[in-house]
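> Below you will find the structure I want to go over with you.
The values are calculated or read from the model by the stated rules, or taken from the named source; none is laboratory data. These figures come from a predicted structure and were not determined experimentally. Positions of Cβ are backbone-derived with ideal geometry, glycine not excepted, and every protein chain shown enters the neighbour counts.
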Amino acid sequence: MNRFEREVSQRFEEVARVVSHRRIINNEFMLVVHAPNVAQYAIPGQFLEVLTGDSYTPLLRRPFSIFSADQETGTISIVYLARGSFTSGLARLNIGDNLSIIGPLGRGYRWHSTYPLHHILVAGGIGAPPLHFLAQTICRADAEQPMVVINGARTEELLVGIQEFSDLSLEVKLVTDDGSAGRKGLVIDELRELLNETRTNTPRVYACGPMPMLRAVAELTVSRGVDCQVSVETPMPCGIGICMGCTIGVNDFHDKENGRTALACTEGPVFDASAVIWPK
Amino acid sequence: MKFSPVTIRGGLTITRPVISAAGCVGWGDVLRDLISPTALGAIVTPTVTISERIGSTGSRTAETPAGLLYNTGLPNPGMTRFLDEVLPLLAQYGAPIIVSLAASNPQDWSALAAALEDSPDVAALEANLCGLPQANGSTDSPTLQEYLVTAVRSIRRACSKSLLVKLPPDHFNTADLCRKAELEGADAIVTGQSLRAASMRWSGDQPSLRFGEEGGRYSGPAIKPISLLQAQLAAGASTLPIIAGGGIMTPQDAIDFFAAGADVIAVGTLCLVSPNAINTLNDEVAAILQKIPGDDFRALCLTKRPRAAG
C-alpha cells in the first residue's frame, strides 16, 4: 500500500435529522442527530464535517469530533461551544431540522491491546468529546479495564463533559488554570503525577486539546517511553483529503529521516505522539 | 436541448457537461467511497511538477463570506511517483484523466509532457500557468504571453495528447492569451482560475499577512461574476473548446456559463463541500437543458465565437 491509497473506513454523506438539542451549561450544547450509517461505523477519535444553512456563508463545512455514537438508535452526538458564527448558527437548530454531514472521518484512537493497560485520557477544553466517546467505548467493551480521565480547561465553565464522564462511573480528575474547579494547574501536572504513581498495568495515554497541551503531553510521554496517541487540532476546510489545508509535520515510516507533511483529516486526526513534529 | 459530447483535438472526449477542476478529486482514490465514479465527466488532477514539493508550511486556508482563500504551494509527489503511485488509483474511477502540470522552464515543461505521452491512462494535459511564483509575479502582458508560449511550445514538442491551457485570471490579457495559445497549438482553453488575494490576520493589535507577500488564491461563489466574464472573453477570442470554471455552485450557475460560451463546466470549491456534487450537477444540468427548446446546448451561447480558420 502506498500513502495515496485510501485506508480510512467507509464514509457517508448523509442528511441528518436533529433528534435532540440541548444546552448543557452556558454556551455548551449537545446536538444529537439521526445518521444511521455514520453511527454504524464511527469509532472514537473520528469526526464529522457538518454543513448548516442554505446560503454561502458559511461556505465550508466545519469538523466536529464525535462525542458518542449509538448503533441501536442510529444516532450520533456532538458537543460544541457556541462562540463563532458557525456554532451560533448550529445553536439555532431545532428538533426535526436537517443538516448535512459527512462521516465518520479520519483515523481514530487505537485502544485494543493484547496485554492489560491502564488507560489515561487527557482532555483539554473542547478536546473532551472524542475522549468521551473513547471512554464510553472502552467501558462498554470491558468495564473492568482501569481508566482515568484528566479533564482540564482554563476555567470551570470551559470544562466539557463533566456530567457525561461522571455518568460513566470513571475516575475523573478535574484541572483548571484558575482553580475554579478541581485542581488548580495544568493537565500536564496531573498527568506527570499519575505516571509517577506505580500502577499494575502499562499506561497508555490518549489526548485531545489545544496544540500546546498536546505538545507537552507528547514530550512527557515520549520521554517516559509511554505509548501515547494525540488527536491534533488543525483547520480542516474539507475533512476528506482534497483541499490539503490541514497539514501536520510527521516523522513516520514513510520518511523517518526528514519528516513529511501529512493531512490530519485522512491520516489523522489521531497520530502517535512520537510521530508528530510540533509546530513552533 | 441537450448536452452533446465535446471532442477535443488530441483524443479527449468529454461526455458529460460537468468535470472536476484541477485537484478537486484529490490524489489517488481518496474520494472513492464518496462519489459515484460512473458519472464523472473527467478528472483533472492536482498540479504535478517535475520534483516533489512539500507545499506551504504556514497557514493554508481562510474562509471569507462566499469565498475560500488558499495557498497550498502545490504540494505534490513529483512526476515519477505520480505515475507510479497516484495514476493507477485515479484510473480506477474510469473517467478520462487530465493531468495538471506546472513548470518554470522549457525543459521541465517538455519533460513533464514527455513522461505522460505514452501513458494509456492519461487522456490530456492541462498547463497551469498560475502554479509557480514566476507566473504569479506579473500581469505584464509580454511576460505572461512569453510564459504561455514557452509552456505550450515545450509541451507540444513532447506530447501529442490533448493540451488544455488554463489561463491566468486576467481579463486584460484573456483574448490575447487565448489567441496565442491557439496559435501555438493548444487544443482547449480553461478559464476560471482562482484570483490572487490577501488575507489579514490579527494578533492583538498586530496585523500580519496570512499568506505572506505573495498572497493566496481566491475561489468559491464570490468569484463567479468575474469568472463568467473571463469565459465570455475567451469564447469571443478562441475557436477552441472552452472549459469554464470559477465559483460554480448550482446548475443555474453552470447554465449561465453555457450562455457565456462555455462548452464544458468545471467545479472546484463545491467539491470540498459536497464531494459528489459533480454527479448531482450533471443530472441537474441535463434536466434544466431538457426544459429549454432546441437541440444543442451551444445555441444558448450569447458570445459571438470566431470562426475556425480553413
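> Residues of the stretch A:145-185 being surrounded by fewer than 18 Cβ atoms within 10 Å (Cβ to Cβ) and under 24 Å from residue A:215 (Cβ atoms), which ones?
Within the stretch A:145-185, A:154, A:155, A:177, A:178, A:179, A:183, A:184, A:185 meet the criteria.
> Which of (1) farther than 30 Å from residue A:156 by Cβ; (2) within 14 Å of chain B (Cβ to nearest Cβ); (3) crowded, with 19+ Cβ neighbours inside 10 Å does residue A:39 not meet, given it meets every other one?
For residue A:39, the failing item is (2).
> Right, something else. Of all residues in the stretch B:82-96, how many are within 12 Å of chain A (Cβ to nearest Cβ) and crowded, with 20+ Cβ neighbours inside 10 Å?
Result for the stretch B:82-96: 4.
> Right, something else. Which members of the stretch B:28-54 meet the condition of being in a loop (DSSP other than H, G, I, E, B), over 21 Å from residue B:102 (Cα atoms) and of a type outside the set (D, E, K, R)? Step through it out loud before you land on a result.
Pass one, the stretch B:28-54, residues in a loop (DSSP other than H, G, I, E, B): B:28-36, B:40-42, B:45-47, B:49-52, B:54.
Now restrict to residues that are over 21 Å from residue B:102 (Cα atoms): B:29-36, B:40-41.
If the condition is that a residue be in a loop (DSSP other than H, G, I, E, B), over 21 Å from residue B:102 (Cα atoms) and of a type outside the set (D, E, K, R), then B:30, B:31, B:34, B:35, B:36, B:40, B:41 are the ones that fit.
> Residue by residue through the stretch A:34-56, note down the ones that are touching a residue at least 12 places away in the same chain (Cβ under 8 Å) and closer than 30 Å to residue B:69 by Cβ. Outline the logic, then answer.
Narrowing the stretch A:34-56 to residues touching a residue at least 12 places away in the same chain (Cβ under 8 Å): A:34-53.
Across the stretch A:34-56, the qualifying residues are A:38, A:45, A:46, A:47, A:48, A:49, A:50, A:51, A:52, A:53.
> Within the stretch B:68-81, can one find any residue that is at the interface with chain A (Cβ under 10 Å from one of its Cβ atoms), more than 20 Å from the chain's Cα centre (by Cα) and free of Cβ contacts under 8 Å to residues at least 60 places away in the same chain?
Yes, the stretch B:68-81 contains a residue that is at the interface with chain A (Cβ under 10 Å from one of its Cβ atoms), more than 20 Å from the chain's Cα centre (by Cα) and free of Cβ contacts under 8 Å to residues at least 60 places away in the same chain.
> I've got another one for you. Of the conditions (1) more than 9 Å from chain A (Cβ to nearest Cβ); (2) more than 21 Å from residue B:157 (Cβ to Cβ), residue B:99 satisfies every one except a single condition; which number is it?
Against the list (1) more than 9 Å from chain A (Cβ to nearest Cβ); (2) more than 21 Å from residue B:157 (Cβ to Cβ), residue B:99 comes up short only on (2).
> Let me ask you something else. Looking at the stretch A:100-118 only, could you name the residues that are more than 13 Å from chain B (Cβ to nearest Cβ) and not aromatic (Phe, Trp, Tyr)?
Here is the first cut: in the stretch A:100-118, the ones more than 13 Å from chain B (Cβ to nearest Cβ) are A:107-118.
Residues satisfying the conditions are A:107, A:108, A:110, A:112, A:113, A:114, A:116, A:117, A:118.
> Within the stretch A:164-205, can you find the residues that are free of Cβ contacts under 8 Å to residues at least 40 places away in the same chain, assigned to a loop (DSSP other than H, G, I, E, B) and out of contact with any helix residue (DSSP H, G or I) (no Cβ under 7 Å at 6 or more places or on another chain)?
A:169, A:177, A:178, A:179, A:182, A:185, A:186, A:197, A:198
> Check off (1) within 20 Å of the chain's Cα centre (by Cα); (2) at pLDDT 95 or above; (3) assigned to a loop (DSSP other than H, G, I, E, B) for residue A:110 and give me the number that stays unchecked.
(2)
> Continuing with the same structure: Looking only at residues in the stretch B:253-277 that are in contact with a Leu (Cβ under 7 Å, 6 or more places away or on another chain) and farther than 28 Å from residue B:304 by Cα, which one is farthest from the other protein chains (Cβ to nearest Cβ)?
The qualifying residue farthest from the other protein chains (Cβ to nearest Cβ) is B:277.
> Looking for something away from chain A (no Cβ under 14 Å), at pLDDT 95 or above, surrounded by fewer than 19 Cβ atoms within 10 Å (Cβ to Cβ) and farther than 16 Å from residue B:305 by Cα - is there at least one such residue anywhere in the stretch B:227-249?
The answer is no; no qualifying residue exists.
> If I filter the stretch B:158-176 for residues that are over 16 Å from the mean Cα position of the chain (by Cα) and within 14 Å of chain A (Cβ to nearest Cβ), do I get at least one hit?
no
> Separate question: Looking only at the stretch B:28-56, which residues are facing chain A (nearest Cβ under 8 Å), surrounded by fewer than 20 Cβ atoms within 10 Å (Cβ to Cβ) and free of Cβ contacts under 8 Å to residues at least 60 places away in the same chain?
Correct list: B:33, B:54, B:55.
> Further question: Could you list all residues from the stretch A:170-179 that are under 15 Å from residue A:157 (Cβ atoms) and either modelled with pLDDT of 95 or more or touching a strand residue (DSSP E or B) at 6+ places or on another chain (Cβ under 8 Å) (or both)? Steps first, please.
Let us first name the residues in the stretch A:170-179 that are under 15 Å from residue A:157 (Cβ atoms), namely A:174-179.
A:174, A:175, A:176, A:177, A:178 - these are the residues of the stretch A:170-179 that are under 15 Å from residue A:157 (Cβ atoms) and either modelled with pLDDT of 95 or more or touching a strand residue (DSSP E or B) at 6+ places or on another chain (Cβ under 8 Å) (or both).
> Moving on to the next point. Please go through (1) under 26 Å from residue A:264 (Cβ atoms); (2) more than 12 Å from chain A (Cβ to nearest Cβ); (3) buried (at least 24 other Cβ atoms within 10 Å of the Cβ) for residue B:109 and return the number of the only condition it doesn't satisfy.
Checking residue B:109 against (1) under 26 Å from residue A:264 (Cβ atoms); (2) more than 12 Å from chain A (Cβ to nearest Cβ); (3) buried (at least 24 other Cβ atoms within 10 Å of the Cβ), the one that fails is (1).
> Residues A:58, A:63: which one is within 14 Å of chain B (Cβ to nearest Cβ), within 30 Å of residue B:77 (Cα to Cα) and either touching a Leu at 6+ places or on another chain (Cβ under 9 Å) or in a strand (DSSP E or B) (or both)?
Details: A:58 fails: within 30 Å of residue B:77 (Cα to Cα).
Sole residue among the options that is within 14 Å of chain B (Cβ to nearest Cβ), within 30 Å of residue B:77 (Cα to Cα) and either touching a Leu at 6+ places or on another chain (Cβ under 9 Å) or in a strand (DSSP E or B) (or both): A:63.
> Let me ask something else about it. From the residues in the stretch B:186-226 that are part of a helix (DSSP H, G or I) and hydrophobic (A, V, I, L, M, F, W, C), which one is farthest from the other protein chains (Cβ to nearest Cβ)?
This residue is B:226.
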